[in-house]
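Here it is: the structure, laid out below.
The values are calculated or read from the model by the stated rules, or taken from the named source; none is laboratory data. Fair warning: this is a prediction, and the values are worked out from it, not measured in the lab. A quick note on method: Cβ atoms are made from the backbone with ideal geometry, for glycine too, and the neighbour counts reach across all protein chains shown.
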Amino acid sequence: MSWEGWSVFALFWVVFVTSPGPNAVNCIQTGMSAGFLRALWGVLGILTQALLFLTLSAAGVTALLIHSPTGFLIAKILGAGFLLWLGIRNWRAASRPLAMAHAASGSIYTRAFLIATINPKSVAGYLAAFSQFVMPNVPIWSQMRVIVPTALCITAASYITYTALGALLGRAALGAVANLWVRRVLAVCFLVYGVALGATALP
């Protein structure tokens, strides 16, 4: 991959992973509820998903999925339902006192991995990256040696920042009302994303 090609890919990936979405909302909420260090398990979950999707994309599996109407429809429905469930659960929990580090590391990791994996926007983004930036006349795995470290470093920097933002909000002495509404706004974001995904599944 040339320097120019790498620069374009890196810029694309910065935009892709820093645009607010379900991953960012989950990182902020986990940082608020579990604290910065413990919430990094969620960033690890997102990085695991990123590595998995990068590998699948290189093997052509992502392209197969996005061109399968049935598979893509199932992904949209599952993604929408899971995000709606998270939104409702988090809205109901917002009125309760914020408990630090109440979730086990495994559950933080699994939740982040699932949110990243079942979001159809993720599939479309990885497909776009490979269809536009991978050079067909160069062995794919030699390009992966450049693409994978670049994508993972940018992804980690983005979601560590979101996690730190959430941890700062959780530790700042916010009033009860302010803290309630911050948490409910994040819950509404999950609901909005769920409805948006569900709407794209309709004819």
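Answer yes or no: is there a residue in the range 61-71 that is under 17 Å from Ile147 (Cα atoms) and modelled with pLDDT of 85 or more.
For the range 61-71, residues under 17 Å from Ile147 (Cα atoms) and modelled with pLDDT of 85 or more: absent.
Pairs, please: C-beta under 7 Å, at least 6 apart or cross-chain, first residue over 13 Å from Val188 (Cα atoms) and in the range 21-40, second surrounded by fewer than 24 Cβ atoms within 10 Å (Cβ to Cβ) and among the polar types (S, T, N, Q)?
So the pair list comes out as Arg38/Ser105.
A further question follows. Would you say Ser158 is crowded, with 18+ Cβ neighbours inside 10 Å and modelled with pLDDT of 80 or more?
Yes; evaluated as a whole, the condition is true for this residue.
While we're on this one: So Ala103 passes all but one of these: (1) modelled with pLDDT of 75 or more; (2) surrounded by 12 or more Cβ atoms within 10 Å (Cβ to Cβ). Which condition number does it fail?
The failed condition is (1).
What tally of residues in the range 106-126 results from selecting those that are more than 12 Å from the chain's Cα centre (by Cα) and modelled with pLDDT under 65?
Residues flagged as more than 12 Å from the chain's Cα centre (by Cα) and modelled with pLDDT under 65 within the range 106-126 amount to 1.
Checking Ile88 against (1) modelled with pLDDT under 70; (2) part of a helix (DSSP H, G or I); (3) more than 30 Å from Pro139 (Cα to Cα), which single condition isn't satisfied?
Ile88 satisfies every listed condition except (1).
Something else about it: Filter the range 1-28 down to the residues that are hydroxyl-bearing (Ser, Thr, Tyr) and not in a helix (DSSP H, G or I), then identify the one that is surrounded by the fewest Cβ atoms within 10 Å (Cβ to Cβ).
Ser2
One line per residue, one yes/no per condition, for (1) within 22 Å of Ser33 (Cβ to Cβ); (2) modelled with pLDDT of 65 or more:
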position: Leu152; (1), (2): no, yes
position: Tyr162; (1), (2): yes, yes
position: Leu169; (1), (2): yes, yes
position: Val177; (1), (2): yes, no
